[in-house]
Amino acid sequence: MKIKNKELDMTIVFIVIYVVGMSLGDNLSRMIGVEKFITVIVSILITIFLFLYIKRKDLMEKYGLKRVEGKSREYLYFIPLILISSVNIWFGVKMNMPIMGSIFYAFTMIFAGIIEEILFRGMLYKEMAESNEKSAMIVSSLLFGVGHIVNLFNGSGAELVANMCQVVYAISVGFMFVVLFKKCGSIIPCIITHSLLNALSTFNNEEMANRFIIPVSLFMVVVSVLYSIYLSIKKTEV
């Protein structure tokens, strides 16, 4: 008889709450005329609830909410993560919305990075890995990447080509995050990279970024794949 994984069930519930909550937050924010105002409140509440749940269940260490194991040089001083997190400012910095909207948007993106890493790398991967680690890595990465298709329908204004590129590089970056988590036992580097990448999108030069979306996406895929390979074959120093 197969034992039911209650934590995996809760992970799926949290993912649904996150997706629905953020979409409702975006719609309500537009209704009151302040971009991301309600969304940032929703994201803060979800983050707090997630941490309280994980803390109460004593799952902080299991889900990677701890210090990195090993030395920075083992991970190439996380230079690949720095390169990926900076892509949104390669073509300059620009204010794309009013100051308050920019602040709310940036904070929403930061909390989205925190929540998504906890859900997809910490919870989903770890719970699925108890049955099949390879399947867990694939499903966690694919679900994370494909989930970005929602940007076509949530009123964010994402174009088809740009969105498809986002899906592709999100899958590769998501897989890299899983490999890194597996290697260092912590999702903190993943959270920092993801949140920084998201937050800097607030100030990117959209016109130039869209013009070079394909080569930039290709760069992110190549770096993610190469770094994943390096991490996979690199032996941890004792």
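The values are calculated or read from the model by the stated rules, or taken from the named source; none is laboratory data. If you're wondering where the values come from, they're calculated on a predicted model, not measured in any experiment. All Cβ positions, even for glycine, are placed from backbone atoms using ideal geometry, and neighbour counts span all protein chains on display. These area figures cover heavy atoms from the full protein model, side chains too; ligands, DNA and RNA do not enter into them. Shrake-Rupley method; radii C 1.70, N 1.55, O 1.52, S 1.80 Å.
Convex hull volume of the Cα atoms of the range 82-238, normalised per residue: 112 Å³.
Its relative contact order, with pairs defined as Cα atoms under 8 Å and 6+ residues apart, puts the chain at 28 percent. Annotation: per residue accessible area for the chain equals 53 Å², rounded to a whole number [probe 1.4 Å, protein chains only].
The candidates Val93, Val16, Val42, arranged from most to least accessible area with a 1.4 Å probe in the full protein assembly, appear as Val93, Val16, Val42. Of the solvent-accessible surface of the chain, computed with a 1.4 Å probe over protein heavy atoms with every protein chain present, carbon and sulfur atoms account for 70 percent. Toward the positive end of the charge dipole of the chain, with +1 on the Cβ of Lys and Arg and -1 on the Cβ of Asp and Glu, the farthest Cα among Leu28, Ile149, Tyr230 is that of Tyr230. Remark: for residue pairs Lys62/Lys234; Lys6/Lys134; Lys6/Lys57; Lys57/Lys134, the C-alpha separation exceeds 18 Å in Lys62/Lys234; Lys6/Lys134; Lys57/Lys134.
Here the chain is assigned +1 on the Cβ of each Lys and Arg and -1 on the Cβ of each Asp and Glu. Its dipole about the Cα centre then comes out at about 600 debye.
Around the amide H of Asn204, modelled in the peptide plane, lie the amide H atoms of Lys94, all under 5 Å away and 5 or more residues distant in sequence or on another chain. May I ask which residue of Leu76, Ile48, Ile118 lies farthest towards the positive end of the charge dipole of the chain, with charges of +1 (Lys, Arg) and -1 (Asp, Glu) on Cβ and the Cα centre as origin? Working it through, the farthest residue towards the positive pole turns out to be Leu76.
The range 8-53 and the range 158-186 have Cα centres spaced 21 Å apart.
Only protein heavy atoms count here; on that basis, with a 1.4 Å probe, Ile99 has an accessible area of about 110 Å². When Glu7, Glu74 are compared by accessible surface with a 1.4 Å probe, the order from highest to lowest is Glu7, Glu74. Coupling constants for the range 92-97 follow from the phi torsions by the Karplus curve (6.51 cos²θ - 1.76 cosθ + 1.60, θ = phi - 60°), and in residue order they are x, 10, 8, 7, 8, 7 Hz; glycine and proline get x. Calculated [222 nm] ellipticity per residue, helices only, for the chain: -21500 deg cm²/dmol; basis is -39500 (n - 2.57) per DSSP H run with n ≥ 4, divided by all residues, nearest 500.
Shown for the chain are the DSSP H helices of 20 Å or more along their axis, judged by Cα atoms, with a mean Kyte-Doolittle hydropathy of at least 0.5: 6-32, 37-56, 99-116, 160-184, 213-233.
Gain on full extension, evaluated as 0.36 nm per residue between Val13 and Glu133 minus their Cα-Cα distance, stands at 41.1 nm. Under 18 Å of direct C-alpha separation, and excluding same-chain neighbours fewer than eight residues apart, Lys71 reaches these aspartates and glutamates: Glu237.
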